[in-house]
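*Asks:* The structure that follows is given in the form of structure tokens.
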Amino acid sequence: MSDYGKLYLVPTPIGNLGDMTFRSVEILKSADLILAEDTRTSGVLLKHYEITTPVQSFHAHNEHKKVDQVIEKLKSGSLIAQVSDAGTPGISDPGFLLVRAALAEGIAVDSLPGATAFVPALVKSGFPCERFVFEGFLPHKKGRQTRINALKEEPRTTIFYESPHRLLKTLEQLLEILGERQVSVSRELTKKFEETITGTLSEVRKHFEEKSIKGEFVIVLEGTK
């Protein structure tokens, strides 16, 4: 096992390329291989920081097939870095399967600290953040209402990720099932058109009804009082 390589989980900026850490750049430059969710998206970042390490695609649609291959490379001594399109691998992005497989084989895993969209959205919401629940993306169809129903008596602040074309539906369902309460919605965090709107579910939904909905969203919901 002493000859095994190492797996690095490297966070990448969620928008502003300046949020990349020095250590993350060093790891990506010194790695033998970078696993990227989308090689085109990661290519922009790698070019910006003059990183020439070989890159392979590793995403939700091929990770089951590629895990064994990556594990063999790690066993042979390779240093491999995994990145997602934005944020920290494993947080609503590929990462969990490979980490689990590496640990099962006694391969060292190092997760670097860095960008994650829900942290700034939570902190700037003004809601209690000493204890919170991260729900990630709600199911698109089956199980969606069940998941929301389970939060009726949840006293902690709850966080969701949401896409632009489901934002209004989600805000409406939260209102219907959980009742009126405070919510903070952040979009395009760290980017030029960053915006955070805080108010009641009804107020925030009305705000976005009247606008063109673009970008990636983080919904931070007040807990049950």
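*Asks:* Please give the Cα centre distance for the stretch 187-210 versus the stretch 162-185, rounded to the nearest Å.
*Replies:* What the calculation gives is 11 Å, centre to centre.
*Asks:* Please list, in chain and number order, the residues 5+ apart from GLN82 or on another chain whose amide H is under 5 Å from its amide H, with Hs placed from the backbone.
*Replies:* Close amide H contacts, sequence-distant or interchain: TYR8, LEU9, VAL10, LEU35.
*Asks:* Near ALA60, within a Cβ-to-Cβ distance under 9 Å, what is the net charge of the other residues, with Lys and Arg +1 and Asp and Glu -1? Numbers along the way, then the final one.
*Replies:* Working: positive: none; negative: GLU37, GLU63, ASP93.
Charge balance near ALA60 sits at -3.
*Asks:* Also, I was wondering about something else. Can you pull out the GluC sites (Glu not before Pro) in the stretch 144-225 that DSSP calls coil and that have at most 12 other Cβ atoms within 10 Å? If you can, show how the numbers build up before the last one.
*Replies:* Values: sites: GLU153, GLU162, GLU172, GLU176, GLU180, GLU188, GLU194, GLU195, GLU203, GLU209, GLU210, GLU216, GLU222; in loops: GLU153, GLU180, GLU188, GLU194, GLU210, GLU216, GLU222.
In loop regions of the stretch 144-225 (DSSP not H, G, I, E or B), the sparsely surrounded GluC sites (Glu not before Pro) are GLU153, GLU180, GLU210.
*Asks:* Let me ask something additional. Pop out the ³J(HN,Hα) list for the stretch 203-214 in order, Karplus 6.51 cos²θ - 1.76 cosθ + 1.60 with θ = phi - 60°, rounded to Hz; leave Gly and Pro as x.
*Replies:* After applying 6.51 cos²θ - 1.76 cosθ + 1.60, I find 5, 5, 4, 4, 4, 7, 4, 8, 10, 6, 8, 9 Hz.
*Asks:* Give a residue-ordered list of calculated ³J(HN,Hα) values for the stretch 164-170 (Karplus: 6.51 cos²θ - 1.76 cosθ + 1.60, θ = phi - 60°; whole Hz; x for Gly, Pro).
*Replies:* Result, ordered by residue: x, 7, 10, 4, 4, 4, 5 Hz.
*Asks:* Which residue fluctuates most in the GNM of the chain (Cα springs below 10 Å): PRO139, PRO113, PRO94?
*Replies:* PRO139
*Asks:* Something else about it: Aspartates and glutamates within cross-link reach of LYS141: Cα-Cα under 18 Å, excluding same-chain residues under 8 positions apart?
*Replies:* Result set, ordered by chain and number: GLU162, GLU172, GLU176.
*Asks:* What does the extension gain come out to for THR53 and THR146, with contour length at 0.36 nm per residue minus their alpha carbon separation? Could you put the intermediate results ahead of the total?
*Replies:* Numbers: separation 93, 0.36 × 93 = 33.48 nm, distance 4.43 nm.
Extra length available between THR53 and THR146 comes to 29.1 nm.
*Asks:* Another question, then. Under 5 Å between amide hydrogens, which residues at least 5 positions from VAL55 or on another chain qualify, with H placed 1.01 Å from N in the peptide plane?
*Replies:* The list, which skips near neighbours in sequence, is ILE34.
*Asks:* Ok, one more. Please check: in the Gaussian network model of the chain (C-alpha springs, under 10 Å), which one of LYS141, LYS124, LYS152 has the largest mean-square fluctuation.
*Replies:* Maximum among the listed residues: LYS141.
*Asks:* Once R0 is set to 35 Å, what does the formula 1/(1 + (r/R0)^6) return for the Cβ-Cβ distance between ALA60 and LYS225, expressed as a FRET efficiency to the nearest 0.05? Mind dumping the intermediate values first?
*Replies:* Numbers: r = 37 Å, r/R0 = 1.06.
Working from the Cβ atoms, E equals 0.40.
*Asks:* For a label point 7 Å from the Cα of LEU168 along Cα→C-beta, name the residues of the stretch 130-146 whose backbone N is under 11 Å from it.
*Replies:* none
*Asks:* While we're looking at this one, here's another question. Which residue, PRO54, PRO13, PRO120, tops the fluctuation ranking in a GNM of the chain built on C-alpha contacts under 10 Å?
*Replies:* Fluctuation is largest for PRO54.
*Asks:* Can you give me the distance in nm between label points at ASP19 and GLU130, each placed 7 Å from the Cα along the Cα-to-Cβ direction?
*Replies:* 2.7
*Asks:* For the pairs LYS152/LYS211; LYS124/LYS192; LYS124/LYS191; LYS169/LYS206; LYS29/LYS73; LYS6/LYS66, note any where the Cα-Cα span goes beyond 20 Å. Could you put the intermediate results ahead of the total?
*Replies:* Numbers: LYS152/LYS211 29 Å; LYS124/LYS192 17 Å; LYS124/LYS191 15 Å; LYS169/LYS206 12 Å; LYS29/LYS73 18 Å; LYS6/LYS66 17 Å.
Correct reply: LYS152/LYS211.
*Asks:* So, one more: I need the phi-derived Karplus couplings for the stretch 66-73: 6.51 cos²θ - 1.76 cosθ + 1.60, θ = phi - 60°, integer Hz, Gly and Pro marked x.
*Replies:* 9, 4, 4, 4, 5, 4, 4, 5
*Asks:* Quick query: amide H of ALA108 versus all other amide H atoms, modeled in the peptide plane; which residues come in under 5 Å with a sequence gap of 5 or more or a different chain?
*Replies:* Residues meeting the amide H criterion: LEU7.
Every read-out reported here was derived from the displayed coordinates using simple, explicitly stated rules and does not represent laboratory data. The shown structure was predicted, so the numbers you read here are calculated from the model rather than taken from an experiment. Here Cβ is always computed from backbone atoms with ideal geometry, including for glycine, and neighbour counts include all displayed protein chains.
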